[in-house]
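Heads up: the structure comes next, in structure tokens.
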Amino acid sequence: MRGLASGRGRQKPGGQGLPRRALPVPALIVMLKWFAAFLGTLAVLALAGFASVMAVFYYYGRDLPDYQQLADYEPPVVTRVHAGDGSLIAEYATQKRVFVPVDVMPKRVIKAFLAAEDKKFYSHPGVDILRVARAAVTNLRNLGQDRRPVGASTITQQVAKNFLLTNEVSMERKIKEAILALRIEHAFTKDRILELYLNEIYLGLGSYGVAAAALNYFDKPLDELTLGEAAYLAALPKAPNNYHPVRRPAAAKARRDWVIGRLLSEGFISETEAEEAKAMPLIVRRPSETRFFRADFFAEEVRRELLERYGEKGLYGGGLSVRTTVEPRLQEIADKVLRQGLIIYDRRHGWRGPIVHIDLEGMAGIVEGTGPVGAPGVQGDTGWLGQLAVVPPPEGLHPWRLAVVLAVGKKAAEIGLDDGSLGRIPLRELRWARPWRKNQRLGRAVRAPRDVLGVGDVVAVEAVSSTKDGKAYGPGTFALRQIPNVNGALIALDPHTGRVLALTGGFSFEASQFNRATQAMRQAGSAFKPFVYLTAVDSGFTPSSLILDAPFVIDQGPGLGRWKPANYTKKFYGPSTMRLGLEKSRNLMTVRLAQTIGIEKVASNAERLNIVDAMPRVLSMALGAAETTLLRLTTAYAMLVNGGKRITPTLIDRIQDRHGRTVFRHDRRRCQACRVDAIAGQDVPEIPDIREQVADARSAYQIVSMLQGVVKRGTGRRVRAVGKPVAGKTGTTNDSIDTWFIGFSPDLAAGVFVGFDTPRTLGRRETGSSVAAPIFRDFMKAALSDQPAIPFRIPPGIRLVRVNATTGLVARKGDRNVILEAFKPGTEPTGEEGVLDGSDPLSAAGAGTGAGTSGLY
């Protein structure tokens, strides 16, 4: 037994030994229970974790923005406004962005952003869990080190943040960002998400989207970017200012090289390409200056219309392409002649003094003679140049320069200019500058420079090379200039379509954006008279009808006294033809005529032609007392020369949306036959004329013919210098406050207005003939210089009869003052017509035919 016991458990040679003793059943049961408890705990924890995640998703996902809006999202892009010839005249945008669809975006640009921002973009579900875990570990390590938390946002998360959330740095925002990213990935394709990202992301220098950044950093379109340039753009999303290529070139290049390394590690480029790209210097190029055609008043009027049509969002982010009606050649002429005309008028009424005066005591004095003055060109803040440099240039100064008077001699004033150079103003260029006096009167004549200028006066000057008669000046010679305080406007339009071809609303847009062509409501004065005469010929009168030019008095009613209109000359001329009354702008004849035909008819005509919205039915309206705009009045004149057809003035031909769809077209005519691939061998399609007839074409032509007489023999004689068939009418209001000239050639209508913004007299003897007509003349002469002389078109139903211009009767042998007069058939003068004295209103029929005698003698 002992031996047996001592040998128990020993291994025999070559044997396997005894098996271990099995665990007792109770112990196994305990272990299984513990394992089951462990699994249960894991399951509970998993369920709890899942429930927690779902709770977080539910809590933070309840009030999230609607991500479905991204399906229709269109990023704000630039609205561009073009002239009729395609020239760019304006851009409107809050963000300068060029939208590029992802399918046409260069692959190297896409790969650069994927390598730098989200290499797993095409494989993750919107959130990269591994990146989130790594970022969490890193942020834990950085606790207490005052470092910005490391992010792990995918491109999808950045889209969620940029489009739907804020830039707030918080855990709540990150959770919302992740939730939205998962939803976005479920709703949209990867390419759509990438397209939104690459066109929306801000990359510095005012660049929204990669296309804008390529232009702003490298002056290139996307498809011309080098590998290094594309890598640099991809380096910017995190912090564009930290990698500014000029202020922080080393950091910018290092970040670019890092992106190139990422491209290599992802297998997007070869090692050779990476080395070559890193070896290239990071060179930025300022974007080429966008060339704009300057039409400031026109562009601003277009902006207002677009704003009214499409609102701020449509204007500044809608990506509209607007083709306007402006013709650059005519616009340049309009700007030039209006500016010249205002300057000429302003010089006629004297010198109002220097812009400012600065103290140059001890630096200059009165100098005898005309040679160079020894006034020092002192530099620095305390010298004349330093003092001149702090004088703000007045608005409207361009293209003139600022100068300060350093010395005054007998025959010249010596000046210092804003660039430190010296010059002189000879007495000849100062002669015009007589002192201004109240009511636009002039002081004594200028006999010496000291009568105009003093040392320290800061004035506007312009370099001149010769006198008006061609005598050459020496170098450094300048003329004294003055920014006019009078203002005006000029507008030109196509009388057949209403397309505004040129519009300038003042002397300087910089000085005042108020558009005097479209916004200034002013009395039309005598420029309204043609529409009184139009009403008369519609009522049966003819251009040869005789009207009494004699004193006229009318009782205006209790307490209002009597109205006594008068001619400009304060004279009376007796019986005169209606033509002569318009040509010479006779007030008394016009009032007598309006009283006869009825002011109701005149007002109705004015409203139908859209001169005014609602004209008071009082007789003074016949002399242009109603207020209107230059645009409306010029449009009404255009409807005379186009045969009485209604036109609507427009500055816009066509508007297209960002997708190229036409959303507005001014020309509403339809031409089905025009919609063919080729019209060779076919008749030219006829486009229907859908314009409303607002005036009898024959009556309109009779007024056109009379307005030709205004230019040939009347108040518009200055316009004859155009040398082509033109017609028009002067306009002057009481006290010469407003002056006008509105006229036309057969295919071009134009109007000019000149007056002070705060109404006051333009001066004694200043009229539409002296102020506005020369501007109209210069515009039409230049505008029609390359056009043939086209006669005015005569409509059917008009007979041209040779008449004596003085008597209005059919011309006889030996008559000298003979003209061709336009009559409707059956209204030719017979010699039995009487004289209209206005004693009684006439019927329309009786007035023209002489069938009745009421009011005639």
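The values are calculated or read from the model by the stated rules, or taken from the named source; none is laboratory data. Because the structure is predicted, anything quoted here is derived from the model rather than measured. FYI the Cβ positions are ideal-geometry reconstructions off the backbone, even for glycines, and counts take in every protein chain you see. Just so you know, the surface numbers come from the protein's heavy atoms only, side chains and all, with ligands and any DNA or RNA stripped out. Shrake-Rupley method; radii C 1.70, N 1.55, O 1.52, S 1.80 Å.
General remarks:
- Within region 573-603, tally of residues that are open to solvent by 40 Å² or more (accessible area, probe 1.4 Å) and not aliphatic (A, V, I, L, M): 6
- Any chance residue 307 is surrounded by 22 or more Cβ atoms within 10 Å (Cβ to Cβ) and of a type outside the set (Val, Ile, Thr): no
- A single member of 606, 550 is among the small types (Gly, Ala, Ser) and modelled with pLDDT under 95, and it is 550.
- Members of region 227-266 that are among the β-branched types (Val, Ile, Thr) and exposed (fewer than 15 other Cβ atoms within 10 Å of the Cβ): 246
- Boolean, residue 684 is among the β-branched types (Val, Ile, Thr) and either closer than 16 Å to residue 634 by Cβ or open to solvent by less than 30 Å² (accessible area, probe 1.4 Å) (or both): no
- Residue tally, condition within 40 Å of the chain's Cα centre (by Cα) and part of a helix (DSSP H, G or I), over region 588-613: 10
- Some residue of region 740-749 being hydroxyl-bearing (Ser, Thr, Tyr) and more than 22 Å from residue 638 (Cβ to Cβ): no
- Taking residues in region 163-184 that are assigned to a helix (DSSP H, G or I), and partners anywhere that are of a type in the set (D, E, K, R) and at pLDDT 70 or above, the pairs with Cβ atoms closer than 6 Å and at least 6 places apart or on different chains are 177/161.
- Residue 364 vs. criteria open to solvent by less than 80 Å² (accessible area, probe 1.4 Å) and modelled with pLDDT under 90: yes
- Filtered residues of region 755-768 (kept if over 19 Å from residue 745 (Cβ atoms) and not hydrophobic (A, V, I, L, M, F, W, C)): 755, 757, 758, 759, 760, 761, 763, 764, 765, 766, 767
- Selection status of residue 211, over 25 Å from residue 100 (Cα atoms) and part of a helix (DSSP H, G or I): no
- Long-range neighbours under 6 Å by Cβ, at least six apart or interchain, first residue charged (D, E, K, R) within region 333-357, second outside any helix (DSSP H, G or I) and open to solvent by 50 Å² or more (accessible area, probe 1.4 Å): 352/436
- For the condition within 20 Å of residue 702 (Cα to Cα) and among the aromatic types (Phe, Trp, Tyr), residue 823 qualifies.
- Output for region 87-123, where each listed residue is free of Cβ contacts under 8 Å to residues at least 40 places away in the same chain and either open to solvent by less than 50 Å² (accessible area, probe 1.4 Å) or under 25 Å from residue 240 (Cβ atoms) (or both): 104, 107, 118, 120
Conditions tested, residue by residue: (1) farther than 25 Å from residue 708 by Cα; (2) touching a Leu at 6+ places or on another chain (Cβ under 8 Å); (3) modelled with pLDDT under 95; (4) open to solvent by less than 20 Å² (accessible area, probe 1.4 Å).
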{"position": "751", "(1), (2), (3), (4)": "no, yes, no, yes"}
{"position": "761", "(1), (2), (3), (4)": "yes, no, no, no"}
{"position": "764", "(1), (2), (3), (4)": "yes, no, yes, no"}
{"position": "771", "(1), (2), (3), (4)": "no, yes, no, yes"}
{"position": "783", "(1), (2), (3), (4)": "no, yes, no, yes"}
{"position": "786", "(1), (2), (3), (4)": "no, no, yes, no"}
{"position": "828", "(1), (2), (3), (4)": "no, no, yes, no"}
{"position": "837", "(1), (2), (3), (4)": "yes, yes, yes, no"}
